[in-house]
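Student: Just passing along the structure, written as structure tokens.
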Amino acid sequence: MQNKLNTAVVLFMIIAFATAIAAHHETAVVHPAKISKADAAGEIFSRDGMTETAHDDGHTTLDVTTLLSSDGKFASGMYRSGKTRSEINEPYGVDEFMYFLEGGVTLTSSDGTVTEIGRGEGVTIPKEWTGIWDTEGYTKIWVIYSEDGSGL
């Protein structure tokens with residue numbers, strides 16, 4: 001009799017656990033992360049969760065993350081920066097694709113090669129890149145991959 005009772009309790013616990021897992025999976029719906037035309041025109045910077053940063057050199061940046069992958073290694077969003085010049089002496093650290101909606105950037109690689117990216121153009125910066133980042137200001141859509149999740 002005790003054996004039947006133990007079996008019933010174990011069976012009940014398994015069914016309860018399976019039901020809880022199924023209910024969790026039914027409610028965990030994942031959606032695509034869209035940047036609408038209005039967002040791209042600047043409305044995105046009014047969203048909750050937008051990060052505004054005042055930097056030491058006086059320029060301000062606005063950043064909105066639209067997607068962070070479940071493994072924490074991939075993210076996308078939009079970014080706006082004022083005029084700045086930065087020397088990147090340590091490797092950039094992430095692989096980043098950028099598409100410029102406004103403004104642009106001049107990237108001077110450590111070997112002196114100059115790459116200019118303007119409105120309507122894209123660029124991918126590898127995580128190993130070093131050089132000078134120079135801009136009068138820009139708005140970009142960004143996509144970042146980071147193997148260890150840093151820099152996201």
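The values are calculated or read from the model by the stated rules, or taken from the named source; none is laboratory data. Predicted model only: the values in this text are computed from it and were never measured. In this analysis, Cβ positions are derived from the backbone assuming ideal geometry, glycine residues included, and neighbour counts consider all displayed protein chains.
Student: When you go through Y138, Y79 one by one, which is the residue that is farther than 30 Å from A28 by Cα, modelled with pLDDT of 95 or more, surrounded by 17 or more Cβ atoms within 10 Å (Cβ to Cβ) and of a type in the set (F, W, Y)?
Tutor: Y138
Student: Which count do you get for residues in the range 82-105 that are of a type in the set (S, T, N, Q), surrounded by fewer than 16 Cβ atoms within 10 Å (Cβ to Cβ) and either assigned to a strand (DSSP E or B) or without any contact (Cβ under 8 Å) to a residue 12 or more places away in the chain (or both)?
Tutor: Keep residues of the range 82-105 that are of a type in the set (S, T, N, Q), which gives 84, 86, 89.
Those still in the list that are surrounded by fewer than 16 Cβ atoms within 10 Å (Cβ to Cβ) too: 86, 89.
When the remaining residues are screened for being either assigned to a strand (DSSP E or B) or without any contact (Cβ under 8 Å) to a residue 12 or more places away in the chain (or both), the result is 86.
Within the range 82-105, residues that are of a type in the set (S, T, N, Q), surrounded by fewer than 16 Cβ atoms within 10 Å (Cβ to Cβ) and either assigned to a strand (DSSP E or B) or without any contact (Cβ under 8 Å) to a residue 12 or more places away in the chain (or both) number 1.
Student: Hey, any hits in the range 108-116 for a residue that's out of contact with any helix residue (DSSP H, G or I) (no Cβ under 7 Å at 6 or more places or on another chain), closer than 30 Å to S46 by Cβ and either in a strand (DSSP E or B) or not acidic (D, E) (or both)?
Tutor: Looking for residues that are out of contact with any helix residue (DSSP H, G or I) (no Cβ under 7 Å at 6 or more places or on another chain), closer than 30 Å to S46 by Cβ and either in a strand (DSSP E or B) or not acidic (D, E) (or both), one finds none in the range 108-116, hence no.
Student: Of all residues in the range 113-152, how many are polar (S, T, N, Q), closer than 21 Å to H55 by Cβ and free of Cβ contacts under 8 Å to residues at least 60 places away in the same chain? First the steps, then the outcome.
Tutor: Taking the range 113-152 and keeping what is polar (S, T, N, Q), we get 113, 115, 124, 130, 135, 139, 146, 150.
Pick out the ones that are also closer than 21 Å to H55 by Cβ and you get 130, 135, 139, 150.
With the extra rule that they be free of Cβ contacts under 8 Å to residues at least 60 places away in the same chain, the set shrinks to 130, 135, 150.
Final tally of qualifying residues: 3.
Student: Any residue in the range 52-68 that is under 13 Å from T139 (Cβ atoms) and in contact (Cβ under 8 Å) with a residue 12 or more places away in the chain sitting within a Cβ distance under 9 Å of a residue that is among the hydrophobic types (A, V, I, L, M, F, W, C) and part of a strand (DSSP E or B)? List the pairs, counting only those 6 or more apart or interchain.
Tutor: Correct list of pairs: T60/A54; T61/A54; L62/M78; D63/M78; D63/W142; V64/M78.
Student: Go through the range 103-133 and give me each residue that's hydrophobic (A, V, I, L, M, F, W, C) and under 21 Å from S76 (Cβ atoms).
Tutor: V105, L107, I117, V123, I125, W129, W133 - these are the residues of the range 103-133 that are hydrophobic (A, V, I, L, M, F, W, C) and under 21 Å from S76 (Cβ atoms).
Student: Name the residues in the range 69-106 that are within 13 Å of Y138 (Cβ to Cβ) and in contact with a helix residue (DSSP H, G or I) (Cβ under 9 Å, 6 or more places away or on another chain), would you?
Tutor: Residues satisfying the conditions are M78, R80, L101.
Student: Would you point out the residue of the range 40-50, among those that are of a type outside the set (F, W, Y) and farther than 26 Å from V29 by Cβ, that is surrounded by the most Cβ atoms within 10 Å (Cβ to Cβ)?
Tutor: Step by step, filter the range 40-50, then rank; the result is G42.
Student: Now for a different question. Please go through the range 106-135 and pick out each residue that is under 21 Å from the mean Cα position of the chain (by Cα), over 24 Å from K37 (Cα atoms) and surrounded by fewer than 17 Cβ atoms within 10 Å (Cβ to Cβ).
Tutor: P126, K127, E128, T130
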